[in-house]
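Values in this text are rule-based calculations from the coordinates and carry no lab data. No experiment lies behind these values; they were computed from the predicted model shown. Neighbour counts run over all protein chains shown; Cβ positions are idealised from the backbone, glycine included.
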């Protein structure tokens, strides 16, 4: 096991009336003028945005709104928000939505007090020394951004989709009301289930054993795999939506990575898929994972075998057989919840050779071995995995 | 499941060189003059105290020390510390030790900015409006106080052992170096294992189902039950000591209680045992739990049966049989790690009738039904459980 730090300071308020606490929480964390940041029309249609505005008005907290965040959130939108926050003296950002809105809010919160270009952080050119306080009203569970320090932003020119991780960006509080997720379409729910499991799997597939962490990860994976198909059949079941919502936060607040070394190659490769094709992140992960797994399995087959046995109920005694069956069962699982298990299933056609080369090139931008820890992937490795996923 | 909040802001630094971070962390959290609070001579003998003093000196951070905290920490010692902090302008308390030292530090941190008697908080007469920042260098895992908001203090007159829970008292950071726990005597290690499991069990035995939480609790319990006997055989095994140390924090930072309602009757009844006899908290819990369990089991036998099957590998299909076997296995487990499973095993004699009446009376002080949620216990119930534990 590795040394670790664990820091998950976000105050979670979970329940069917959690929104009632918003004004007091904003005040507790020093907010005096708020920017409500959101995505499309769903926050308006559901009445949530109106409810939050009313609550802030009733509490005498001035606010502005900025909508229009898209999936794979754009640097341009964040910059628009940074300018607005500076001009209007905003001192607290309230993200209302899912991972994209929260990530966009983090980018804004980092950018407001920074004199340079906020992209510097994502490009690895600078470390932030300050961050505006922010919080989330979560409507789409999965990204885990409401309790994580990370954010992923797409630079409009060149379709660069890069990430930045900083404890300063962790939400001060997160409002989680499972009822808000009842109307999530099945496809988006399935993307979320995939992403939640993948956040745990990226940390579980490590050469470091950590008994307590591994046991918690396996317990979480097993439960999400159980509840996922159930929630797709019963989208308005409070209990099931609750389990998925809470699992999404725990899967990405670092609990499942204490003492292990995350791999993250599948995430990195997926970012290129969604940057190029605009596909949903969860679907992209499902399209790649089994191909990554088959490619790297020999680096630590016992770990894959344990995953197969404990999460997927494989019973074979031979590790290699068990590991292979596990990968095969994950492929079936993805398809059973309506997720793709290859690039053609994801985008409706094969990727061209040029597209594969471009993604492999962009994914390996910094040097040839940036991707992965379970197996360090070179440019050639990445290209082989994309190619396998394209069959 | 119930609505819940989850707030565990303590920054954990875990590893064999974690102490190196102490000065910077104190500065990060605004400390400029520190009181190092500790227990007996073990912190001196191990060299830890000297090392911390040297690190603070090297970093130019002024400090004072106050030792002498005893198990079941005393109000009188905390008041001595409060006076000292006020007189010397201390603005940060660093607890070096286990739960008793951390609890004493919390009491001091609450008392310094409070004009009244700090006992008011423990007596339920006041809520704190401020708290000095504090942190922990953990040397005895189990109490979980390093990540919790709670503290238990014993008032010297009358042996009142009461608790107070407040998010403001959560440690800013916790330094966890498993090597520091190598020298813990076997009895104290076993007390810790018992307390860690009990913190999880007090939350698990709830009439509220919460799938994700229940799965994490069971995973944690199963692992601690597995590693506990191993660590007693291999007290200088870094990996095993790490598992116990980290489990101790997770068992009491509220993770295992999200969505359930804690019971806490066994804890409350134990506080009277350790207040009266000065016994170790963990041992007192072991002496009581099976008797509590047998008494309340009929209130929700399915929950006990699940515990028996998933944590203790009981295979019986009938719930009542499984539940009873589970209780019996816990009794055997306690004895196998050198813990008592009754009051006579704990104190070496039977408690007198007067002692049982006194404990039941003190334990039920506020009204007749303060104890327990799995089953609300009246004074008579408490007396019956003490009496059963006295056989």
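With the Kirkwood sum run over all distinct C-alpha pairs, region B:139-207 has a hydrodynamic radius of 14.0 Å. Per residue, the convex hull spanned by the Cα atoms of region B:121-243 measures out at 151 cubic angstrom.
Packing-based ranking of B:275-286, B:175-186, A:81-92, B:113-124 yields B:275-286, B:175-186, A:81-92, B:113-124, ordered from highest to lowest mean Cβ neighbour count within 10 Å. So what's the angle, to the nearest 10 degrees on a 0 to 90 scale, between helix A:238-250 and the longest Cα principal axis of chain A? Here the helix axis deviates by roughly 80 degrees.
Please find the FRET efficiency linking residue A:354 to residue A:155, where r is the Cβ-Cβ separation and R0 is fixed at 25 Å, and quote it to the nearest 0.05. Taking R0 as 25 Å, the efficiency between residue A:354 and residue A:155 is 0.75.
Each residue of the protein assembly as shown gets 160 Å³ once the volume of the Cα convex hull is shared out per residue.
Here the convex hull built on the C-alpha positions of region A:235-356 has a volume of 141 cubic angstrom per residue.
Hydrodynamic radius of chain A by the Kirkwood approach over all distinct alpha-carbon pairs: 21.2 Å. Each copy carries a label point for residue A:32 at 7 Å from Cα along the beta-carbon vector; from one copy to the others these points are 2.3 nm apart, nearest first.
Based on Cα contacts under 8 Å between residues 6+ apart, chain B shows a relative contact order of 15 percent. Springs between Cα atoms under 10 Å define the GNM used for chain A, and in it the highest mean-square fluctuation of A:58, A:103, A:313 occurs at A:58. Can you bin region B:10-153 into rounded, prolate or oblate? Criterion: square roots of the alpha carbon gyration tensor eigenvalues sorted a ≥ b ≥ c, rounded for a/c under 1.5, prolate for a/b above b/c, oblate for the rest. Prolate, because a/c is 1.5 or more and a/b exceeds b/c. Assuming R0 = 35 Å, can you tell me the calculated FRET efficiency for the pair residue A:230 and residue A:167, based on Cβ-Cβ distance, to the nearest 0.05? Computed FRET efficiency for residue A:230 and residue A:167: 0.50. Each part reduced to its alpha carbon centroid, region B:101-137 and region A:1-29 end up 23 Å apart. With 10 Å bins beginning at zero, the pair-distance distribution over Cα atoms of region B:206-270 amounts to 20, 42, 30, 8 %. Here residue A:44 yields copy-to-copy label distances, from shortest upward, of 7.1 nm, the label point defined as 7 Å from Cα along Cα to C-beta. Computed per residue of the protein assembly as shown from DSSP H runs no shorter than four, each worth -39500 (n - 2.57), the mean residue ellipticity at 222 nm is -15500 deg cm²/dmol. What is region B:309-373 by shape, rounded, prolate or oblate, if you read a ≥ b ≥ c off the alpha carbon gyration tensor as root eigenvalues and call it rounded for a/c under 1.5, prolate for a/b larger than b/c, and oblate otherwise? Verdict is oblate for region B:309-373. Normalised by 2.2 N^0.38 Å, where N is the number of residues, the alpha-carbon radius of gyration of region B:1-74 equals 1.38.
Taking the number of Cβ atoms within 10 Å of each Cβ as an exposure proxy, the fewest-first ranking of A:380, A:80 is A:380, A:80.
Counting Cβ atoms of other protein chains within 10 Å of each Cβ in B:164-170 and taking the mean gives 0. Per residue of peptide B:249-261, the mean number of Cβ atoms on other chains within 10 Å of the residue Cβ is 2. Rounded to 0.05, the FRET efficiency of the residue A:328 and residue A:384 pair, given R0 = 30 Å and the Cβ-Cβ distance, is 0.95. Going by neighbour counts of Cβ atoms within 10 Å, the residues B:339, A:297, A:108 line up, fewest first, as A:297, B:339, A:108.
Take each residue in A:207-216, count the other chain C-beta atoms within 10 Å of its C-beta, and the mean is 6.
Between residue A:222 and residue A:345, the simple label model (points 7 Å from Cα in the Cβ direction) yields a spacing of 2.5 nm. Ranked from largest, the principal axis spans of the Cα set of region B:185-389 equal 46, 37, 31 Å. Per the Kirkwood formula applied to alpha carbons, region B:43-126 shows a radius of gyration over Rh ratio, Rg over Rh, of 0.99. Counting every other Cβ atom within 10 Å of each residue's Cβ, A:387, A:352, A:256 order from fewest to most as A:352, A:387, A:256. Sorted from closest to farthest, the other copies place their residue B:278 label points 7.6 nm away, with each point set 7 Å from Cα along Cα→Cβ.
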